[in-house]
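Trainee: I have a structure I would like to understand better, so I am pasting it below and will then ask my questions one at a time.
Every number in this text was worked out from the coordinates using simple rules, so none of it is lab data. None of these values were measured; they are calculated from a predicted model.
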Amino acid sequence: MMMPIDETAVTFLIGGLGAGKTELALNLAIRRARRLGPGLSYLLDLDIVNPFFRVRHLRDALEREGVRLIAPDAQVTANDMPAIPGAAFGILESPDTAVVCDVGGGEIGLRVLGRLAQQAAARKAQTYFVINPYRPGFLTSDQMRASFELLSELSALHVTHIVANPHLINETTPDIFTAGLAKVRNFAAGMHLPIAFSVAAPALLRSLPHTVAASSDEAPTNLVEYDGQPLLVLDRYWETPWIIGKEQEEATCPNG
């Protein structure tokens, strides 16, 4: 039986460059806001070094979706200073907040993240290590292990789950997805870590045999089951800056 994603936990997302952490952070925060209600879902933008695409650029749209965004202020962003916004500490200490933390900035950003380790432990935070096995540094099992060990150590967080995000953007085929998922599964098994879920775009899901969970509080429509495990259907904000819901609902419809 497919287990629902924990909507109330503190969740940190770490992983290699291009793993898909930011897209996942956006989707998880919006999912939680829809489940819990406006103002009860927080997204901490901890991608604090050399920003290219950061969730802070979507602040207004996130707020319309009921997500509260905490991000470095303009001065920190402009100067690329590796600093955590002060509000992050207070949010993590509050026991009744659902929080998604988007972590980036390479090794420098992860070192700074260690300052939040105590708050993360107190909230029994989940740490998802996001893996795209088609990205440099994750192409083989040995590379995955080396990158995993380095990034985990730098973050000072205890990784609780693996998230499989096997894709080559628009060139992703069902064969590419399933082959990449198998690689991530083998790695997770070798590390004795569970896979929380895999992720895929709506267009790809149409070509994958999947089971649609009943629409309920426990299983919103963007969570389906593929090959015996949960699969989260992602809206891709790189390509469609802020289109929420319609394409996703069509993709998860049993007759779609």
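Trainee: Please list, ordered by chain and number, the residues whose modelled amide H lies under 5 Å from the amide H of Ile195; skip anything fewer than 5 residues away on the same chain.
Mentor: Under 5 Å from the amide H of Ile195: Ile162.
Trainee: In addition: ³J(HN,Hα) across segment 197-212 via Karplus (A = 6.51, B = -1.76, C = 1.60, θ = phi - 60°), whole Hz, x for Gly/Pro?
Mentor: 5, 9, 10, 7, 7, x, 4, 5, 4, 4, 9, 10, x, 8, 10, 8
Trainee: Something else: What residues qualify as long-range amide H neighbours of Leu44, i.e. H under 5 Å apart, gap of 5 or more or another chain, H built at 1.01 Å from N?
Mentor: For Leu44, whose amide H was placed from the backbone, the distant partners under 5 Å are Ile70, Val100, Cys101, Asp102.
Trainee: What are the ³J(HN,Hα) couplings of segment 176-183, residue after residue, when phi is run through the Karplus curve with 6.51, -1.76, 1.60 and θ = phi - 60°? Round to Hz, x for glycine and proline.
Mentor: Running phi through 6.51 cos²θ - 1.76 cosθ + 1.60 with θ = phi - 60° gives 5, 5, 5, 5, x, 4, 4, 5 Hz.
Trainee: Grab the Cα-Cα distance for Ala203 and Glu93, subtract it from 0.36 nm times how many residues apart they are, and report the gain in nm with one decimal.
Mentor: That works out to 35.7 nm of additional length.
Trainee: Mind listing the long-range amide H neighbours of Thr127? Cut-off is under 5 Å, sequence gap 5 or more, other chains count too, H placed in the peptide plane at 1.01 Å from N.
Mentor: Close amide H contacts, sequence-distant or interchain: Phe12, Thr160, His161.
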